[in-house]
Amino acid sequence: MTPLLAPLRWLSSLEWRRGFFDWARSDGVTWVYIFKVLLAAFLTLWLAMRLELPQPRTAMITVFIVMQPQSGQVFAKSFYRFLGTLTGSAVMVALIALFAQNTELFLGSLAIWVGICSAGAARYRNFRAYGFVLAGYTAAMVGLPALAHPDGAFMAAVWRVLEISLGILCATLVSAAILPQTASAAMRSALYQRFGVFALFVTDGLRGRSQREAFEASNVRFIAEAVGLEGLRSVTVFEDPHMRRRNGRLSRLNSEFMSITTRFNALHQLLERLRSSDADHAVAAIKPGLQDLAEVLDGFSGRALTSPDAARLVTALIACKEGLPARVRSLRAAFQQSHPSEAQLLDFHTAYELLYRFVDDLHGYAQTHASLADHNHIREHWDEPFTPQTNWMASAASGIRAAFILVVLGSYWVATAWPSGATMTLIAAATVGLSAATPNPKRMAFQMACGTLLGALIGFFEMFFVFPWIDDFPLLCVMLAPVIVLGSFLSSRPQYAGVGLGLLIFFSTGSVPDNLTVYNPYAFINDYIAMVLGMLVCAAAGAIILPPNSRWLWRRLEQDLRGQVVYAISGKLKGLASSFESRTRDLLHQAYGLAVGQPQVQCDLLRWMFVVLEVGHAIIELRKEQAILPVHPAYAESQPWRQAIRVMGRSLMRLFVQPNQSNLERALIAVDHAISRVQATDEPFAPHFDTSALRRVKSYLHFIRTSLLDPQSPLAAYVQAPREGLEHAS
């Protein structure tokens, strides 16, 4: 009996179940995606052939392009593909109407249009970018073949819209109906898990257990998650009414998460500066308040934060926040008994001002997270959206590159009258569009060329040795399935995504039969040579013409990153904090991705981000404090301390626009002067940080000063000797 019961015992055990679910969450998701690609592609091809559309392969290619693992991504990509196709078709009809008799003018106008669309794709970098891509290469893919028969251009555009619409319909239907993987579920999981990781990160930092490398790696992760969650949020709107009703709160939650990470980074950097400068006396006086918050967060560290957990966190943070002022006063009284210096008192006050602001922001984040349990909530009203920031030169470079490629290849086609020259030009237009939104267009174009070459070899064998023997649709599917499976698998792997995309799209372009199949090996070989040559030209242009992953763009993005301090000083105050946060993090996310393989460049960019966020946030807080000052002579615009802060702002703008030793020296002098003016001003309120505006102002000025003198910041290279009174910060 025992041997017979062994399989039953194994089936009832948890071992195989645990292994199965682990596989299902990783490789299983990939194979479900491949199955759905196969089903949607064959359904689309069958319908296109039954409806006798001119190019069934176009509908099938649409499936490969829009199909994504998550249904929300399919909906979003399909929506923008449809809009892009309509726009590109309309532009193509207009160009044909204007320049049908003049090929040179048509090609020049088309090159300008594709360049504009490629610049738009580089500007937006999400599914909206795909709309620009489609608007560009649809005009080329429909317009170039139509040059020979301009009277059929309008119907060619109509047929293409119908074919693409069929592919979109089948892809969205299969994605939503069969084993759907929703973007909203992925977003919920990411939101819940993110706070547990952050809480553990905070408790380690408050207790002085975090290492510099781990601290920087965690910040890079939080930045990527903030940018990624903004993309997910824009996708969930298409698929889930539950998430759509919470769209404002989701945007607010992401903005508040960026705020709490910045606030904690500022506190952590200050504490690290104090620890590294042997200011043990000040650190010991600050430590009890830090320990109180760490104990509150211990119960939420390393675990998912559900809505009920968020409600408990709100209650705990309210108690912590209400007790913090009295706690600070008692700790300060004990600290003053040891007769600390003015600098040590400033460190104490600055640390607790940052801690109080951090607890306050954390409380707001927890409230927003807890409100997700309700269908309607007052926190839904949020008018400070994520603001992406892209360098205009990077977008312009992408557009110039695309226009140049089309002019060169189009001129070659006109000059040589090569029958496959149109194919080479339109495939180059498609390739330059698809690679425009990637960090490394050269690599993407080359990978697509490799995938196309593989598709040509497989396609030649199938087209001329297999398809003539096939007499029904099921056998056709059997022969196409291995290629689609291979391409889908490669496209699901980021390191081979270009190869998979090239194989799927351009195998289908040249090798999938139409209703009326023409077996012409000479045209087949010529067309594939043209495709590969067009892609290789795109790869070469991506390596030569202002490549985005080169030093020039890193420097431009670093300048833009520093320029966010100027934005913090001069920007409109309403919504400034969230806009400053998102723009700064988006710039770093771009620059960090472009500098892959350059760890020193990435490290420098990350440290610039830290000092920009620290100084920029302190400036915004100073501006907010001044905006809500009560009417009193001590706070008048003409007061010396307010004039000194304005002078400091101008000096900081000069420093971050052009960092050098002299500008740093001027900025430090201006900050010192502002602090002395604030200290010399009397105000009619109690000198506590929760009642005294000037005490808070002085804390932020002191924090700016310590940030400028941080030995870990890029500005440290311009500090030659310690300044009197500032040794504790350097």
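List of remarks:
- In straight-distance terms, cross-link reach from Lys442 covers every one of the lysines whose alpha-carbon lies under 24 Å from its own, apart from those fewer than eight places away in the same chain; here that gives Lys77.
- Sulfur and carbon atoms: percent of accessible area, the stretch 206-283 [1.4 Å]: 50 percent
- Per residue accessible area of the stretch 196-349, 1.4 Å probe, in Å²: 38 Å²
- In Å², nearest 10: area of Thr416 left accessible to a 1.4 Å probe: 70 Å²
- log₁₀ of I(q)/I(0) at q = 0.11 Å⁻¹ - the chain, Debye sum with one point per alpha carbon: -1.14
- Estimated FRET transfer efficiency (Asn376, Ala523; beta-carbon r; R0 45 Å; 0.05): 0.15
- Principal axis dimensions, the stretch 64-118 - Cα atoms, whole angstrom, descending: 45, 18, 17
- P(r) for the stretch 279-381, from all Cα pairs and a bin width of 10 Å, is 14, 40, 26, 15, 6, 0 %, short bins first.
- Shape call, the stretch 355-504: gyration tensor on alpha carbons, a/c limit 1.5: oblate
- Placing pseudo-labels 7 Å out from each Cα toward the beta carbon at Ala177 and Arg207 gives an inter-label distance of 5.4 nm.
- Computed label-point distance, nm, for sites Ala224 and Trp552 using a 7 Å Cα→Cβ extension: 2.8 nm
- Each Lys and Arg Cβ is given +1 and each Asp and Glu Cβ -1; about its Cα centre, the stretch 532-577 then shows a dipole of about 200 debye.
- Cα-based reach from Lys698 at 19 Å (exclusive), listing lysines while leaving out same-chain residues under 8 positions away: Lys624
- The distance linking the stretch 502-547 with the stretch 372-402 is 35 Å (Cα centroid to Cα centroid, whole angstrom).
- The calculated FRET efficiency for the pair Ala540 and Gln600, based on their C-beta separation and a Förster distance of 35 Å, comes to about 0.80.
- Kyte-Doolittle at least 1.6, axis length at least 18 Å by Cα - qualifying DSSP helices, the chain: 153-177, 473-491
- For the stretch 203-278, fraction of C-alpha pairs farther apart than 15 Å, in %: 63 percent
- Spacing of the two label points (7 Å from each Cα toward its C-beta) at Ser330 and Glu665, in nm: 4.9 nm
- Estimated FRET transfer efficiency when R0 is 56 angstrom, pair Ala481-Asp682 (beta carbons, to 0.05): 0.10
- Residues of type aspartates and glutamates that Lys574 reaches as a straight line, Cα spacing below 16 Å, ignoring anything fewer than 8 places off in the same chain: Glu256, Asp383, Glu384, Glu621, Glu625
- Using just its DSSP H runs of length 4 or more, each adding -39500 (n - 2.57), the chain gives a mean residue ellipticity at 222 nm of -26500 deg cm²/dmol after division by all residues.
- All C-alpha pair distances within the stretch 167-299, sorted into 5 Å bins from zero, spread as 2, 9, 16, 17, 14, 12, 9, 7, 5, 4, 2, 1, 1, 0 percent across the bins.
- For the stretch 96-136, Kirkwood radius (reciprocal of mean inverse C-alpha pair distance, Å): 10.8 Å
- Only one residue of Phe300, Ala591, Leu709 has its Cα farthest out toward the positive end of the dipole of the chain, where Lys and Arg carry +1 and Asp and Glu -1 on Cβ, and that residue is Leu709.
- Heavy-atom accessible area, probed at 1.4 angstrom with all protein chains present, ranks Lys442, Lys572 as Lys572, Lys442, highest first.
- The gain in end-to-end length when the Ala190 to Leu47 segment is fully stretched comes to 47.7 nm, 0.36 nm per residue minus the alpha carbon separation.
- Protein-only accessible surface order, largest first, of His375, His363, His339 at 1.4 Å: His339, His375, His363
- Once the gyration tensor of the Cα atoms in the stretch 257-300 is diagonalised, the equivalent ellipsoid follows with semi-axes of 21, 15, 6 Å, ordered largest first.
The values are calculated or read from the model by the stated rules, or taken from the named source; none is laboratory data. No experiment lies behind these values; they were computed from the predicted model shown. Every residue, glycine as well, gets a Cβ built from its backbone with ideal geometry; the counts of neighbours run over all protein chains shown. The area values use the complete protein model at the heavy-atom level, side chains included, leaving out ligands, DNA and RNA. Shrake-Rupley method; radii C 1.70, N 1.55, O 1.52, S 1.80 Å.
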